[in-house]
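Below: one structure, written as structure tokens.
The values are calculated or read from the model by the stated rules, or taken from the named source; none is laboratory data. All figures in this text were calculated on a predicted structure; none of them were measured in a lab. Reconstructed Cβ throughout: ideal geometry from the backbone, glycine too, with neighbour counts over all protein chains shown. Keep in mind that these areas ignore ligands, DNA and RNA; they rest on the heavy atoms of the full protein, side chains included. Shrake-Rupley method; radii C 1.70, N 1.55, O 1.52, S 1.80 Å.
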Amino acid sequence: MPEERSPLMTVEERSPVRAIDLQSGHILHHDPFAALDEWRESPPFWCEDDGGFWVVSRFDDVRDVLQDAEAFASGADTTVPRLEISEPLLPSFVAPPYVQKLRAIVLPHMTAKRIGVLEPKMRSTCSELISGFRDQGHCDVIRDFARQYPIQVFSELFGLPADRREEFRNHAETFLHEQEQAADAWEAIRTIVREQLEEKRVRPQDDLLSAIAIGRIDDVLMDMDAAVNLASTVFVGGLDTLPSNIGWSFRYLAEHPEARRRIIEDPSVIPRAVEEFLRLWTVTAKDSRKAVKDIHFKGVNMRAGDRVMVLIGLANHDSAEFEDPLTANFDRTVNRHIAFAAGPHRCLGSHLARHELEVAMEEWHSAIPDYRIVPDAHIVYDGGGVFAIDSLPLEWEISSPV
């Protein structure tokens, strides 16, 4: 690394480090969180892979990068890693104050109160999906449940008409899980979104699509291309994260029957369990920023234009912030995790994700209280833009009490 770039590597004078490929997605045979664990609680350091970038992993350091949009701009696209997209995805990759103006259009439909109205839809969707495989005594919880659930719920929030939801769901599934066809699926999603926005701009209803269709920036109606960009990105943004959250949570509960039994016997513990699972397995485990100016940050000198990779998943394992950080403690009373990031780009869907996870756990454990991972199952992980479990086969006794 050239000396003029950064005379100080770290306060520990560490040498450049070659790391796991943090820039692109790979299907892994090992837990990607475990693969990153050697850098937990590490000061910022320079990684020479992929042209070079800084790696930041301590809780306070990651939070400070995420909150300081003046020094660290939202960087390379990690929301839609499969595609080359020329325009910035909204609101993910635009700077303040414009990002706040975009978020103000969406946020009224993402409040805890508005999300609470969707609870009957969440419960009926879970119940319908579970009833489809409960009597078989087995399922792949990712493919048969976790991937189906959020699309159906968000379609309701989004305001898609009933006769377009199945078509939209199929395109979303293809986009997220069929890389060779992802570009075509993305264009199909945007085409449907544009049609719906144009209709709702003329006849708005009380839904998220309508809010975007008639959204105004500085009292000027949003350009239709920008509205399509915003609506499409908001829709797909949560469709890969919730299945991943469910996957990690159910893997843990399948392997820890005492924790599962506590949830069954005392469902009031579920919200705290959800917070622990979000903290322990932060599926948006890494995010990109770019240094806007030369800055001395936490013992290193960063130059304008340097890429910065923040490891949010490791930040949530920092013992300086969390006592016994690698343990799932359902009695943790202070849990200030940053699973939904922080600062101006904090996740818009945090209330939705929490509520969906809580309902999924309640409904599943009411119907299937005892289950296990299929013996000798080969669990495959994804270490790409979202840290995911690609497949999690579960089995249970059909005679298990409801």
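A few remarks follow.
- Verdict on ASP225 being out of contact with any Gly (no Cβ under 7 Å at 6 or more places or on another chain), acidic (Asp, Glu) and under 17 Å from LEU157 (Cβ atoms): no
- Residues (open to solvent by 50 Å² or more (accessible area, probe 1.4 Å) and touching a residue at least 60 places away in the same chain (Cβ under 8 Å)) located in segment 115-135: GLU119, ARG123, SER127, SER131, ASP135
- Looking only at segment 356-373, and only at residues there that are in a helix (DSSP H, G or I) and not hydrophobic (A, V, I, L, M, F, W, C), the one that is farthest from the chain's Cα centre (by Cα): SER366
- Restricting GLU195, GLU187, GLU166, GLU173 to residues that are modelled with pLDDT of 95 or more and among the acidic types (Asp, Glu) narrows the list to GLU195.
- Residues in segment 28-43 that are free of Cβ contacts under 8 Å to residues at least 24 places away in the same chain and among the aliphatic types (A, V, I, L, M): ALA34 alone.
- The listed residues are SER249, SER268, and the only one of them that is touching a helix residue (DSSP H, G or I) at 6+ places or on another chain (Cβ under 6 Å), in a helix (DSSP H, G or I) and either open to solvent by 10 Å² or more (accessible area, probe 1.4 Å) or closer than 28 Å to ILE142 by Cα (or both) turns out to be SER249.
- Residue in segment 191-205 that is more than 18 Å from LEU102 (Cα to Cα), touching a residue at least 40 places away in the same chain (Cβ under 8 Å), open to solvent by 80 Å² or more (accessible area, probe 1.4 Å) and out of contact with any Cys (no Cβ under 8 Å at 6 or more places or on another chain) present: yes
- Qualifying positions in segment 172-190 - under 26 Å from LEU107 (Cβ atoms) and not charged (D, E, K, R): ALA172, PHE175, LEU176, TRP186, ILE189
- Of the strands (runs of 3 or more DSSP E) lying entirely inside segment 292-355, the ones with 1 or more residues being farther than 23 Å from ALA95 by Cα are found at 300-302.
- Extreme residue, farthest from HIS256 (Cα to Cα), among residues of segment 313-359 that are among the hydrophobic types (A, V, I, L, M, F, W, C) and in contact with a Phe, Trp or Tyr (Cβ under 7 Å, 6 or more places away or on another chain): CYS347
- GLU258 vs. criteria part of a helix (DSSP H, G or I), surrounded by fewer than 19 Cβ atoms within 10 Å (Cβ to Cβ), modelled with pLDDT of 95 or more and of a type in the set (Asp, Glu): yes
- Hits in segment 212-235 (condition: crowded, with 21+ Cβ neighbours inside 10 Å and of a type in the set (A, V, I, L, M)): ILE212, ALA213, MET222, ALA227, VAL228, LEU230, ALA231, VAL234
- Failed condition for TRP186, given (1) surrounded by fewer than 19 Cβ atoms within 10 Å (Cβ to Cβ); (2) within 20 Å of the chain's Cα centre (by Cα): (1)
- The number of residues in segment 271-289 being in contact with a strand residue (DSSP E or B) (Cβ under 8 Å, 6 or more places away or on another chain) and either surrounded by fewer than 18 Cβ atoms within 10 Å (Cβ to Cβ) or small (Gly, Ala, Ser) (or both) comes to 2.
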